[in-house]
1. How many residues, within region 27-56, are among the acidic types (D, E), assigned to a loop (DSSP other than H, G, I, E, B) and within 29 Å of M111 (Cβ to Cβ)?
2. Cβ contacts < 6 Å: first residue modelled with pLDDT of 90 or more and in a helix (DSSP H, G or I), restricted to region 8-26; second residue surrounded by fewer than 22 Cβ atoms within 10 Å (Cβ to Cβ) and among the polar types (S, T, N, Q), any location; separation 6+ or different chain. Result?
3. If K138 satisfies every condition in (1) crowded, with 22+ Cβ neighbours inside 10 Å; (2) at pLDDT 85 or above; (3) not in a helix (DSSP H, G or I) but one, which is the exception?
4. In region 27-48, how many are under 17 Å from Y64 (Cα atoms) and touching a residue at least 40 places away in the same chain (Cβ under 8 Å)?
5. Considering only residues that are out of contact with any Asp or Glu (no Cβ under 6 Å at 6 or more places or on another chain) and in contact (Cβ under 8 Å) with a residue 40 or more places away in the chain, look in region 131-149 and name the one that is farthest from L19 (Cα to Cα).
6. Pick from T58, T76, T63: which is of a type in the set (S, T, N, Q), at pLDDT below 85 and within 19 Å of S120 (Cβ to Cβ)?
7. Go over the candidates I21, I31, I27 one by one and state the one that is in contact with a Lys or Arg (Cβ under 8 Å, 6 or more places away or on another chain) and surrounded by 17 or more Cβ atoms within 10 Å (Cβ to Cβ).
8. Can you pull out every residue in region 99-125 that is in a helix (DSSP H, G or I) and either at pLDDT below 80 or basic (K, R) (or both)?
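The values are calculated or read from the model by the stated rules, or taken from the named source; none is laboratory data. On a predicted model such as this, the values are computed, not experimentally measured, just so you know. Cβ placement follows ideal geometry from the backbone for every residue including glycine, while neighbour counts extend to all protein chains displayed.
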Amino acid sequence: MDLEKIYDMYFRDVFYYVLSISKSKEIAEDITADTFLKAMKNLNKFDGKKDIRAWLFTIAKNTYFTYAKRQKIYSTTPLLETINIPQQNDSLECVINDENRLEIHKFIHSMENPYKEVFSLRIFGELPFEDIGSVFGKSSGWARVTYFRAKKQILEYMEENKYE
């Protein structure tokens, strides 16, 4: 496996995933760089049984949580005013517009895990349910149910607060 090719293919995915959980561009850049350094050091340990992107996301998640623990920033990191969300063909697309984006991110940030993380992996990381399940050591069905429950929470929040 060529790490340069992996880097070119997955840098953006890993960066957006870390950005979705860290809410900081600078932290996301640092964690993404650390993720690829760790991947480079451990590429020989990757057995190919799961998707390389899921493996990178697992490294990124663990790297971020280690960083957060050291910095004691768990949920106190301020949200960015604007985050470029990759376009999705998802029913939430109608809810996510420029006016609502910040409010949705605030709500997502306040959600309990695993809902917050599964939703972020699906929307920001664009991972299939099989890969999300493998990140958590669960089935694709578990990932699918968790994602739809998270989406339902967001839609209910938006309806309660009368967002378009």
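1. Restricting attention to region 27-56, the residues satisfying the condition of being among the acidic types (D, E) are 29-30, 34, 47, 51.
Pick out the ones that are also assigned to a loop (DSSP other than H, G, I, E, B) and you get 47, 51.
In the following step, the residues that additionally are within 29 Å of M111 (Cβ to Cβ) were identified as 51.
Residues meeting the conditions: 1.
2. Filtered contacts from region 8-26: no entries.
3. (1)
4. 1
5. Restricting attention to region 131-149, the residues satisfying the condition of being out of contact with any Asp or Glu (no Cβ under 6 Å at 6 or more places or on another chain) are 132-139, 141-149.
In the following step, the residues that additionally are in contact (Cβ under 8 Å) with a residue 40 or more places away in the chain were identified as 132, 134-135.
Details: I132: 17, S134: 21, V135: 17 Å.
Step by step, filter region 131-149, then rank; the result is S134.
6. On the way: T58 fails: at pLDDT below 85; T63 fails: at pLDDT below 85.
Result of the check over T58, T76, T63: T76.
7. Numbers: I31 fails: in contact with a Lys or Arg (Cβ under 8 Å, 6 or more places away or on another chain); I27 fails: in contact with a Lys or Arg (Cβ under 8 Å, 6 or more places away or on another chain).
The conditions single out I21.
8. Keep residues of region 99-125 that are in a helix (DSSP H, G or I), which gives 101-110, 115-123.
Selection gives R101, L102, E103, I104, H105, K106, K116, R122.
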